[in-house]
Each structure stands twice: as C-alpha cells, then as structure tokens.
Amino acid sequence: MASLLKAAIAQNQLRTDQLLHQNRKPGCGCKVHSKDGNAPRHRNLHPQPPKHAKAFKTPAHSAPRIKTCQKSREIRKDARTAEQPKCVQPLHSVGEEVEVMLLGEGQVTSDEWIPGRVVKVSCQGKYTLQNPHTGDLLEPALSTGIEAYHLRTPERHDTRLADDDTRLTDDAHLPAKRTNQTKQRRAEPPEACVPPFYAPGEVVEVMVLSQNQQRSNHWRRAVVSTVSCDGEYSLKDRHGEPVKAALPSGIQAYHLRPAGERAAEAKLLKGIENLESGLASARKELLAHQEAVQARVTAVEHARELAETRAKKKAADNLLIAEEEEARSEKRKAEKSAALKAELDQISGAMAKAKQEYETLAQRRWCAEVVCSNTANVHQAYLEMCQC
C-alpha cells in the first residue's frame, strides 16, 4: 500500500508540473500593468522608436531590444528543458516476447505465467501486451496496469531477477537503472525457438503409443503444461498427473491435435450434409418455381395471342360490315338518283306535252280571234291553216 501511495503521489505531482508548464504564457518576462506597456522595466528594455523615424533604426531602438529578447528566450528554453520529466527506463522493449503474471480475482501476485508480446511502454512504465498467437490485447487484472514486476523473460527469468544490474526497487516495484553492459546484453538477438502450435493451458488430445509404435489412431485428452524452445511439450492428464512420453524424442506437435477435433469434424460434416440436403431441396423448389413462372408466362402469352386474334377478327368483321353498309348506302343513293331521274323525266314529258297542248290551244285561240273573225281581210293560207 505504501509503494502504491508513493507512486500515486509522484504521478499526481508529474501531472501538476505538466499543467503548469503548458499554461505558462510566452513573453519577455516583464510585468506590464497597463494596456499600453508603460511599465518601467518594459519601457527600459523595449524602447519604442520615434513616430517620424521610418527610414532608419538607431542602436538605442533596435540593438538593446533584440539582445534582451534573445536572452529571455534562451532563459525560457533552458527552464523548459530543465522542467521536462524523465521517463522510466523500460526493462522490456516493444516487440519483445515476455511472460506475464496471470492473476485471479483478488490476487496481487501469482506463480502462473502466460506468454505475451510488448506492444507499447508508457513514460510511467506501464506495459501494453498482446497475445503472440492471436494478436488480441491482454487486459490488466489490476487498476494500476501491467508493470515491470509483472513480467519476466521466457527461459531466463531467474537469471534476470538475480542480476544486480536489473534488480527491482522495494518501494515502487520499478526496474532499477541498468548499466551499459546490461543494455548491450539486452540488445543481443534472442535464440530462434520453434514456434509453438499449442499454448500452455490449452486442452489437446495426445496420441497414445504402444511399444515400438510411431503413430496410432488412439487419443487421450490432456492439458499443455509447458512448451520448450525445441518444440517439446509437457502435458498433464485430467487428474493433474504428468503425461509420460513414449518416445525418447518426447512429445512433439505432430503427436497432438486440438481437443474435440473429431467431434468438430463430425459436426462440420453433419452441417455440410444438412447444407447439401437443404441445397438440394432449395434447388427443387427453385426448379418448381421456375416451371410455375414458365407456365404463367406461357399462359399469359397464349392469352395475349388469343386476344390479338380476337381483336384482328373483330376488326375484320367491323371492316366488312362497314364495307357492306357503304355498298348499301351507295345502292340506296343510286336507286334514289334513278327514281329522281325517272320522276324528272316524267315531269319533263308532262311539261313537254302540256307545252304542246298550250301551243295548240294558243293557235286555236289566235285563229278564232284573229283569222276566223275577219275572213275578208285575211290571206287564204291562214284561212286554210285555221280551217275557218
């Protein structure tokens, strides 16, 4: 608790210094109490040139001001450099493979470790890790985050913790300052290990071998305990007892398979069978749907053709009726014209007959009035014509 309290106080003080440094306003350092800058110190260090002096600068108006401001800037730069906080020297670099302490609920320390990879290190010495196999970020179990004493280097953590140059402090639980020799040793590339196929704590199935057997189809469930750099696995059975290797070469990755692999395979095959059955059913439904659509399209096309045939026949009938009606109309017109002509001829004949009778009557009247009444004075020819 004391170490955590000291770390919290130090972090709070660091944040306060940073806020003060960020809120500091730039300037020359003079305290100006009036808006026009007439404070004595500001007026002496920064004299204003005369309003009429536009084409030249006197030493009194230019040199002292430039020299004083440059000196002020240099002083402020030195002050900012001195106030910058120093970051904690990281014990593990970004990208390094480490082992992180696995904590349960309410635990602060533990003897269980899992592999991890350093993704980021903060200035306060807080580490961000990820699972080297899946790439998922590891969630810290404590509110203070993952610190250096929660980590160790795989296969060499005992030597690292025993080294005087890399010891941990008792108060803050942070790595102590390392010497140049330790830095050089940390810079050396690690030995290339066989990448593990199964992580510690993973449930697998191990091949059961009899005497003089190299392969078999018999499997037994176990849990991976450790994985060596050479790719040799140490296992425990369901009772927590170590599984003894049947071969001198030990238990290798090809002797293992994921737990429930056969059941998963059978489940997947069953799923494939169900999908194929569903696909066949869907294909039948699709074929029936296509046939129904085709039947509907055929029926619609037949109905369209029938309607067109009926329309053409009706149009032809209407045209025939119209032609017949027109012929009857022409016949009626011809008959009417013939009747009218006959009537006119009859009238003309009657008029000619009536004219002839009129002329005969007119001649008789003329004869009676003119010729027969005055026979003594009329020529003999008129008397003969009128028969007087």
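The values are calculated or read from the model by the stated rules, or taken from the named source; none is laboratory data. Because the structure is a prediction, the values reported are computed rather than measured. A quick note on method: Cβ atoms are made from the backbone with ideal geometry, for glycine too, and the neighbour counts reach across all protein chains shown. The protein model used for the area step is the full one, side chains on, heavy atoms only, and it has no ligands, DNA or RNA in it. Shrake-Rupley method; radii C 1.70, N 1.55, O 1.52, S 1.80 Å.
Tabulated data
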item	result
Only one of 262, 283 that is open to solvent by 90 Å² or more (accessible area, probe 1.4 Å), within 30 Å of residue 208 (Cα to Cα) and within 38 Å of the chain's Cα centre (by Cα)	262
Search result, residues across segment 210-255 that are assigned to a loop (DSSP other than H, G, I, E, B) and β-branched (Val, Ile, Thr)	243
In segment 192-209, residue surrounded by the fewest Cβ atoms within 10 Å (Cβ to Cβ) [restricted to those that are part of a strand (DSSP E or B) and not charged (D, E, K, R)]	203
Verdict on residue 88 being open to solvent by 40 Å² or more (accessible area, probe 1.4 Å), among the hydrophobic types (A, V, I, L, M, F, W, C) and in contact (Cβ under 8 Å) with a residue 60 or more places away in the chain	yes
Any hit, segment 288-298, residues being under 35 Å from the mean Cα position of the chain (by Cα), surrounded by 10 or more Cβ atoms within 10 Å (Cβ to Cβ) and either assigned to a helix (DSSP H, G or I) or charged (D, E, K, R) (or both)	yes
Neighbours by Cβ (under 6 Å, 6+ apart or cross-chain): first from segment 205-222, free of Cβ contacts under 8 Å to residues at least 12 places away in the same chain and farther than 18 Å from residue 242 by Cβ; second in a strand (DSSP E or B) and open to solvent by less than 100 Å² (accessible area, probe 1.4 Å)	216/207
